[in-house]
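K.L.:
The structure is given below, and queries will be raised subsequently.
The values are calculated or read from the model by the stated rules, or taken from the named source; none is laboratory data. Note that the structure is predicted; figures quoted are calculated from it, not measured. Cβ placement follows ideal geometry from the backbone for every residue including glycine, while neighbour counts extend to all protein chains displayed.
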Amino acid sequence: MSWVVITGRQSDLGQADTPHKVITNRDYLAHPGLFRGQRQKVINLSNSYAYQSRGYYASLLAGSRGHKVIPTVETMIDLSEPKLYENALPELEVALNKCRKDLGGAFPAKVAVFFGIGPSKAWDRFARLLFDWFRAPALEVTIADSAEWASIRKIGFHSLLRMPAEEKKRFLASLEIHTGREWRASKARVPARYTFATLIDPHEQMPPSQVSSLRHWSRIADRMGVEIEPIHKKDLARLANYDALFIRETTSISNHTYRFARRAEQEGMPVIDDPLSMIRCTNKVYLDELMTHNKVPVPPSVMIAGAPDFQVAADTLGFPLVLKIPDSSFSRGVRKVSGFAELKALAGEWMQDSDLLIAQKFLPTQFDWRIGVLGGEPLFAALRRGSEGDGGRPLRHRGQRQPQSRPWLRGCRREG
């Protein structure tokens, strides 16, 4: 494997600063075949990792292309708000305070950590643990110090644009050290299975499971000695009281369902849907690239990253075409577009919230397929019939089978 460094702009990092290939996130997104057949290791140094920004998509699509990347989209989302990383703070603060003596008894207001390497050897214990929790190239930690205890007020990404010359020099030295190491994944946690928490919203109009189905499942679980308890979005604080989580609300990266999934994973709990599946499988851009990469037939598609792509989509796909917001669900954020003026207006409106859209050729059909995967094994194929725009169409299962000789809850990769 070789290393690729992604930046937000060409001027952020010169090719002379590193022996590795430097490319902008715009170019990386626009050329999916650029490193085809190569298992690259990617360092994403985009200036923004905000949800649905180019920096976000660079890491998301690296996964579909078979590239290993830091930071992952999971790390980006984890650090997007304190609620998502508060579970890490107790362990990190213990490690931080153990550095006090070597630092001369006091902490700075902020410290920058690059690839798990701090400003000096005194920071080693804390910096390594921080990198193990949040695998990111550059992090900035805001510290509130008192005579007895130093606490962490904020953990955030630290962009190249904000680094003074001396700090950037230290960053480049840390980059050289990191790329000389063997790639290592974050620590795995061993799950346990005893009781199930089931996250539901009784008021959801189109829930993934009907109440009658959940009651039937609960009766089967009861015969197996497994207790099922429904929980709601206000129950995050007591999630650790359970041993597994089954999310039966419509999942989204931007609401509480992702926080529940991430917290369950951090607690070592089996969870369906797991955070990585939620990130990947709720995003149509990722799925289109993944299926294309694996030679699964998909409708002709064009990724739209700006106004110049409107004409490309029109010329390639013709009209009518289908325009989609990447993380839409239940046909929301999916529109059939009849002409160029409508495409320009709608895409311009939607791109205020997403840096990328996907346009696909309009192929009328009376059904679509859902493929269920459990524990890395295909579980069922479901033929979904219904009229256009019907978000609650019934499922007709084909080839349903039970996985053999394996625990039935080991995490789900939901593709479809």
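K.L.:
Evaluate the following for Ser174: is it of a type in the set (Ser, Thr, Tyr), modelled with pLDDT of 90 or more and within 30 Å of Thr18 (Cβ to Cβ)?
P.N.:
Yes; evaluated as a whole, the condition is true for this residue.
K.L.:
Select from region 10-41 the residues that are without any contact (Cβ under 8 Å) to a residue 40 or more places away in the chain, in a helix (DSSP H, G or I) and either crowded, with 16+ Cβ neighbours inside 10 Å or of a type in the set (A, V, I, L, M, F, W, C) (or both) and list them in ascending order.
P.N.:
Selection gives Ala16, Asn25, Tyr28.
K.L.:
While we're on this one: Against the conditions (1) in contact with a helix residue (DSSP H, G or I) (Cβ under 8 Å, 6 or more places away or on another chain); (2) farther than 26 Å from Ala261 by Cα, where does Ala136 fall short? Just the number, please.
P.N.:
Just one mismatch for Ala136, condition (2).
K.L.:
Moving to a separate point now. Does Ser80 count as closer than 22 Å to Arg162 by Cα, surrounded by fewer than 20 Cβ atoms within 10 Å (Cβ to Cβ), among the hydroxyl-bearing types (Ser, Thr, Tyr) and touching a Phe, Trp or Tyr at 6+ places or on another chain (Cβ under 8 Å)?
P.N.:
Judged against the criteria, Ser80 is a match.
K.L.:
Quickly run through region 131-161 and pick out the residues that are of a type in the set (Lys, Arg) and either under 18 Å from Val5 (Cβ atoms) or crowded, with 19+ Cβ neighbours inside 10 Å (or both).
P.N.:
Correct list: Arg135 only.
K.L.:
Here is a follow-up. Return the only residue of Arg238, Arg215, Arg219, Arg248 being without any contact (Cβ under 8 Å) to a residue 60 or more places away in the chain, surrounded by 17 or more Cβ atoms within 10 Å (Cβ to Cβ) and of a type in the set (Lys, Arg).
P.N.:
Unique residue meeting the criteria: Arg248.
Residue-by-condition table, conditions (1) over 21 Å from Met291 (Cα atoms); (2) at pLDDT 85 or above; (3) out of contact with any strand residue (DSSP E or B) (no Cβ under 9 Å at 6 or more places or on another chain); (4) buried (at least 16 other Cβ atoms within 10 Å of the Cβ):
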position: Asp309; (1), (2), (3), (4): yes, yes, no, yes
position: Phe319; (1), (2), (3), (4): yes, yes, no, no
position: Asp327; (1), (2), (3), (4): no, no, yes, yes
position: Arg335; (1), (2), (3), (4): yes, yes, no, yes
position: Leu343; (1), (2), (3), (4): yes, yes, no, yes
position: Trp369; (1), (2), (3), (4): no, no, no, no
position: Pro407; (1), (2), (3), (4): yes, no, yes, no
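K.L.:
Got a number for residues in region 264-297 being in contact with a strand residue (DSSP E or B) (Cβ under 8 Å, 6 or more places away or on another chain) and not hydroxyl-bearing (Ser, Thr, Tyr)?
P.N.:
Total meeting the criteria: 13.
K.L.:
Then there's this: Is it the case, given these coordinates, that Ala95 is surrounded by fewer than 21 Cβ atoms within 10 Å (Cβ to Cβ), touching a helix residue (DSSP H, G or I) at 6+ places or on another chain (Cβ under 7 Å) and aliphatic (A, V, I, L, M)?
P.N.:
Answer is yes for this residue.
K.L.:
Among (1) at pLDDT below 95; (2) closer than 19 Å to Lys168 by Cα, where does Gly105 come up short?
P.N.:
It fails just one condition, (2).
K.L.:
Then there is this: So Ser331 fits all but one of (1) surrounded by 19 or more Cβ atoms within 10 Å (Cβ to Cβ); (2) modelled with pLDDT under 90; (3) of a type in the set (Gly, Ala, Ser); what number is the exception?
P.N.:
(1) is the only condition that Ser331 fails.
K.L.:
Please indicate, with yes or no, whether at least one residue in region 54-67 is hydroxyl-bearing (Ser, Thr, Tyr), in contact (Cβ under 8 Å) with a residue 60 or more places away in the chain and either surrounded by fewer than 19 Cβ atoms within 10 Å (Cβ to Cβ) or part of a loop (DSSP other than H, G, I, E, B) (or both).
P.N.:
Within region 54-67, not a single residue is hydroxyl-bearing (Ser, Thr, Tyr), in contact (Cβ under 8 Å) with a residue 60 or more places away in the chain and either surrounded by fewer than 19 Cβ atoms within 10 Å (Cβ to Cβ) or part of a loop (DSSP other than H, G, I, E, B) (or both).
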